[in-house]
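Heads up, the thing below is written out as structure tokens.
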Amino acid sequence: MKKIIFLLLFVNQLSFTQETVKVDLSNPNATIQTHLYFLQNNTYQPEKSAKTIYGLPKKQAIEKAIKLKKILDGKGLFIDLNKVPNNPNYSDSIGYINVYKYVIFPLRMPQISVEKINGKWYYSQETVAQIDAIYNQVFPWYVHKLQKLIPVSGYKRIFGIELWQIAGILFLMIFTVVMVIIVKKIIYWVLETLQRKITHKASDFEEKLALKRLAHPISLFVGINIIDIAFPSLQFAIDINTWVFLSINIAETVFLIYILLKLVKVVMGIYADYTQKTDSKLDDQLVPILNNFLKGIVFVFGFFKILRLFGVDATTLLAGATIGGLAFALASQDTVKNLIGTIMIFIDKPFHIGDWILTSELEGTVEKVGFRSTRVRAADTSIFQIPNSKLSEIVINNKGMLLFRRYRTELGLRYDTPPELIEAFVKGVRELILAHPDSRKDAYNVEFIGFGDSALLIMVNVYFRSLDWNFEQSSKHKLHLAIVKLAKELGVEFAFPSTTVTIENFPEKNGLNPKYDTNQERIAAAVSSVVNGFIEENPTEKSESDI
């Protein structure tokens, strides 16, 4: 009698408990909990779970609710109800429009969401419309065909796993390995073909090795995706699927980072080969800077992606990092200015590596352009380290961009030089410039330009074709020596600072003033002798053309 009374009380209590659990669609948390609760084994009431589907007949709604539950289990999408909002007026703000919608898995399954309709929360119309398509992706048609072929003995369990599931895992592993090998060969062939078309040459041993190292992680990435697609068909419990798919997603992220790093290495290798063929050396300096920058982007991308897999709100973290970065930037404005200056130098290219530059503060050869500063070596071999922010603002005279080396000087002749010899001297210097193997023949000036304090001024303006500083000094040496010889042959003397004092000349004393010979034939012979001698000493190469 006591047992009967106890059984009646237990049945009444169970009935009371089941009646107390009601369909609740008042907020996103309640709607999702209602859907999942009434599809559990011990509380299986699919008609109540189907209440979360809006606008469909009862039979179709039940079918959609069950399929949606299988999708979540098959992909290992465990819903932590503690993180689902229970605000009846929860809104996902987009611009100035408030949308009463909550996406459950924005990263892994953004198609599934709940929305507020007529004051209650249901699965969104977009979700309901896509349930069949998503279900067919998670559980392809062949799954149902193969399940019909499984014998009764295949459902026996070993360590909690059915025999057909073990066989499916083995088949999936073998199929994945075969596909990885095939895909690796295909990807290597494609990469080698692309590199050959870009570089117009066959790949050497190191390049082939680099392509194989790139093809390997890509093929593994494809293999991981094959497992990602096929594993839900094995229909393991959600607890197993959750860990399996978390591991798969982590592996996908790691392989993706590895692939991107290898891709950066291959691309930068091709770019480095290209920069070696260009005349500019500044792009050679850009290779390591760009390489480190791209690698940094890849690591940051992978870091945030892995954080999102573990449920960390990357948006909040990124916002915090942005605010912290802004505060750090304000505290280190000089560093930011130098970085911007570096970017402007690489965009404007005011000089190249190896160019001789002249500023208001320094003069020297550019050796290196870094993230923060530029290194310039002066003529005395000392090093100037200039912040790029300053270098991008000051006026730079780039001697390395010269088309020709201009040389200008003034020759001072004595005031008592006869006009005939001045004219002959000027004409002789012109002929020497024309005979010079390194000078421009269409741009030069040799003129009597004025009267100095102690000399008659002859301006010499000439352009040398070589841009090398040492070669320019050698060219000037040849010209100077020829001018001195010309002056000697003509009997012309160069002036120096002096003061003239007039004194009485005694008949028995000779004056100090030179005696000039203005015979035209002698002058012409002297000029011709010096010019011909200069041509014999400095023959012009036949390959050079006058500019």
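The values are calculated or read from the model by the stated rules, or taken from the named source; none is laboratory data. None of the values given here were measured: they were computed from a predicted structure. So basically every Cβ, Gly included, is an ideal-geometry build from the backbone, and we count neighbours across all protein chains shown.
Condition test on Asp348, is it loosely packed, with under 14 Cβ neighbours inside 10 Å and either aromatic (Phe, Trp, Tyr) or under 24 Å from Phe293 (Cα atoms) (or both)? Outline the logic, then answer.
On the way: loosely packed, with under 14 Cβ neighbours inside 10 Å: yes; either aromatic (Phe, Trp, Tyr) or under 24 Å from Phe293 (Cα atoms) (or both): yes.
The answer is yes for Asp348.
Of all residues in the range 404-422, those that are surrounded by fewer than 16 Cβ atoms within 10 Å (Cβ to Cβ) and assigned to a helix (DSSP H, G or I) total 2. Scan the range 93-145 for residues that are modelled with pLDDT of 85 or more and at positive phi and jot them down. Once the filter is applied, which keeps residues that are modelled with pLDDT of 85 or more and at positive phi, the range 93-145 yields Asn118, Gly119.
Any chance the range 43-56 includes a residue that's free of Cβ contacts under 8 Å to residues at least 60 places away in the same chain and touching a strand residue (DSSP E or B) at 6+ places or on another chain (Cβ under 6 Å)? Lay out the reasoning, then the answer.
Step one: list which residues in the range 43-56 are free of Cβ contacts under 8 Å to residues at least 60 places away in the same chain, which gives 43-51.
Okay, now just the ones that are also touching a strand residue (DSSP E or B) at 6+ places or on another chain (Cβ under 6 Å), so none.
Looking for residues that are free of Cβ contacts under 8 Å to residues at least 60 places away in the same chain and touching a strand residue (DSSP E or B) at 6+ places or on another chain (Cβ under 6 Å), one finds none in the range 43-56, hence no.
Here is the figure for the range 159-190: residues that are within 23 Å of Asn241 (Cβ to Cβ), surrounded by 15 or more Cβ atoms within 10 Å (Cβ to Cβ), free of Cβ contacts under 8 Å to residues at least 40 places away in the same chain and within 44 Å of the chain's Cα centre (by Cα) total 0. Ser389 passes every criterion in (1) of a type in the set (Gly, Ala, Ser); (2) at pLDDT 80 or above; (3) surrounded by fewer than 17 Cβ atoms within 10 Å (Cβ to Cβ) apart from (3).
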